[in-house]
Amino acid sequence: MQTVALPRQSLLLLVLAVISSLVPHLGYLPVWFYGMALFVLGWRALVYWGYVSFPGRVAKTIAVGLACAGVYSLSGGQISLEASSAFLISAGVLKLLEMANRRDGVVVVFIAFFIQATGFLFQQNIFYSIQGIGTLVLATAAMISTQAAVRTGIHTELPVFRMTARLLFLALPFMLIVYFLFPRFGPLWSVALQSDSAMTGLSERMQPGDISDLSQSSAVAFRVTFDGKKPDRSELYWRAMTLDRHDGEGWDTSRLDQSELPMSLPGQPLQYRYEVIQEPTGQHFLFSLAGPYSTESQVSLTSTRLLRYDRPVYQRIQYQAESAGGTSVGPAFDPRMMTPPDNYLRLPADVNPQTKAWARELSNGKIPTAAAFAQAFKQYISREPFFYTLRPPRYSGDDIDQFLFAGRRGFCEHYASAMTFAARAAGIPARVVAGYQGGEWHPDGYLTVRQYDAHAWVELWDGSVWVRTDPTAAVAPERIEYGLREALAEENSFLADNLLSPHRYQDINWINSLRLQMDNINYLWSRWVLSYDGDRQKGLLSRWFGIDQLLDGLYVLAASIAGLFIIGATWQWWQQRPDKVSRIVQRWQRLTEVATRAGVPFDAGVAPLSLLKRISERYPPLAEDSKACAELFVRYQYAGEGDTVGLEKRLSRLIRRLRRIRPGTEAATSRDVKEGAV
């Protein structure tokens, strides 16, 4: 590869392409990276203006060492997607520091493409997709400008964007064919993202404060489209996991959430049919209403009547389910179990003694029914001055005792944890259920559930089924009926850590209208583009082409690509076919070659009329053809009205006659002339 200095236009395009490719990664990159990027761009600008030279070997070694140390600190010594992406991004940014020639420019272009591609592992909504197209345009333009520096020299007015648009337009049919027809296999690998900045959601352990922290995020958790009947908001309890192990500080997920059962109907009529588009969680759980049922091949049912995916959800997925709804969940645990296991009554010793004593007093030492206990507990928190808040005090030690009898300020996880603990102390099997409650109905009919809809409630065993009871409804009924924003209106703590979120300003009509429109665009993008999976592809191939087998689909794909290649090759030939002028030039070049072999003396760059005159002087029998060619050429070249067809024929005739002449003869013989004539 030639060492050719880059034109300034190429330098600018390369820098812009790399900067644009960084946009999807900005959410998780550490602070030190921004400092490094500003330092590199500043040095690069000073080099561009001629104030400093390129860094030496020592400076580059130090920069690489510091970047590697930063990436190591980000990863904690473990291999992860974020750390790998940060390493690639650091390498791309540092490459800008030494970029000087065409070879460096080509490397930077490919780095920009890779950085943008890895960005789609973190961000996939339509706005980042549009941003990705911008990176594609900039990187392609930079490649064209860099490659053109070899052929055209260094100049600053190369129309690269016009050529870029043409190339991308020609590539569009290939992209569409591959998207629609290439087999949509499931992911062959799964990578865990390291930090919560890249993927937020419920965790498998709940401690006081966890859900309240999660409620400061307006990120989408999942979207639901109902087919037919829609539930009331008070029925929108989306179960994700059950937590039945308490260690004195928090609750851990039940082992029964991992115990799979054959998919079966819930024993109650299925009221709701819906389709869920779930964002990545990094865990197996799926979201469903009570009493779920699904025919999806990758979805199973757990002993706790939850839906479970066959692998951790590291990318957006789409699935269909049905639910019976209601407040009860059955069967009990496992078809072989008639009573709940002991762990639903187990409590750690020597913690929260006041709560244990108080729970036993609620029923005068007798084990109450689940309904009676739920009513007594709710009456207590309704009668006493309890507050529903996102800013509860930090409870430690006997935290439930402190919450129930002293602080009395908490979020949903405080109330659910306290009620479950007290129920077990009273002898009633109980568990915490974590998931989401409510959601926002869009005017177009679908439901969007966000992270601030995260919720925890309680399920009590009544002897035959689990019954849902929500203590939050007793202290803050508006949370269930209207949502978190209305429940915290007086406290004004809704998304207090995210002041720029449009969800805080739903009272401003134009902001809320714009927010809903943008949300609808993302929903349609997720449903029809990002969720185009193998099942949808099979339906499309069957509906459009009558294809039900994968091999037949591959034949259609191969035929489509081959057809595009044929069309493209034909189009290229048509665009590059020689016109009349170029054919005359070709004939003239051929004449010079034949004249050289025939021994006609002339220098390189000889004028056409001079060459024709020398041919006629060297070989007099060809004087008539040479003179005719000269007259036609003069009219064509200078008068602009020549007969191009006639000139082309005359040149061809002269070439054929001259080809018959043997070099070294001073004059053409009559036999040469006769055989060369047309």
Q) Quick one: would you say Gln575 is in a helix (DSSP H, G or I), modelled with pLDDT of 75 or more, surrounded by fewer than 12 Cβ atoms within 10 Å (Cβ to Cβ) and not aliphatic (A, V, I, L, M)? A) no
Among residues of region 632-658 being under 16 Å from Arg587 (Cα atoms) and among the charged types (D, E, K, R), the residue modelled with the lowest pLDDT is Asp643
Pairs returned, first residue in region 504-523 that is touching a residue at least 60 places away in the same chain (Cβ under 8 Å), second residue that is surrounded by 14 or more Cβ atoms within 10 Å (Cβ to Cβ) and of a type in the set (S, T, N, Q), beta-carbon separation under 9 angstrom, 6 or more apart or interchain, are Asp519/Thr448; Ile521/Asn125; Asn522/Asn125; Tyr523/Thr225; Tyr523/Thr448
Within region 383-401, restricting to residues that are of a type outside the set (Lys, Arg), over 30 Å from Ala349 (Cβ atoms) and in a loop (DSSP other than H, G, I, E, B), the one that is farthest from the chain's Cα centre (by Cα) is Pro385
>> One residue is enough: does region 45-65 have a residue meeting the conditions assigned by TED's automatic domain parsing to the domain that holds Ala148, free of Cβ contacts under 8 Å to residues at least 24 places away in the same chain, closer than 30 Å to Val160 by Cα and among the aromatic types (Phe, Trp, Tyr)?
In response: yes
For this session: Determine whether Glu235 is acidic (Asp, Glu), surrounded by 15 or more Cβ atoms within 10 Å (Cβ to Cβ), out of contact with any Lys or Arg (no Cβ under 7 Å at 6 or more places or on another chain) and farther than 26 Å from Arg311 by Cα.
Result: yes
Apart from one, (1) modelled with pLDDT of 75 or more; (2) in contact with a helix residue (DSSP H, G or I) (Cβ under 9 Å, 6 or more places away or on another chain); (3) within 25 Å of Glu275 (Cβ to Cβ) all hold for Tyr532; the odd one out is (1)
Only one of Tyr72, Tyr28, Tyr34, Tyr48 is out of contact with any strand residue (DSSP E or B) (no Cβ under 8 Å at 6 or more places or on another chain) and more than 24 Å from Thr118 (Cα to Cα), namely Tyr48
When (1) of a type outside the set (D, E, K, R); (2) within 23 Å of Tyr314 (Cα to Cα); (3) not in a loop (DSSP other than H, G, I, E, B) are applied to Ser234, the one that fails is (2)
| message | Based on this model, can you work out whether Ala59 counts as buried (at least 17 other Cβ atoms within 10 Å of the Cβ) and farther than 17 Å from Leu11 by Cα? | response | no
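The values are calculated or read from the model by the stated rules, or taken from the named source; none is laboratory data. As the structure is a computational prediction, the values presented were derived from the model and not from experiment. Glycine gets a Cβ as well: all are built from the backbone with ideal geometry, and neighbour counts include every protein chain shown.
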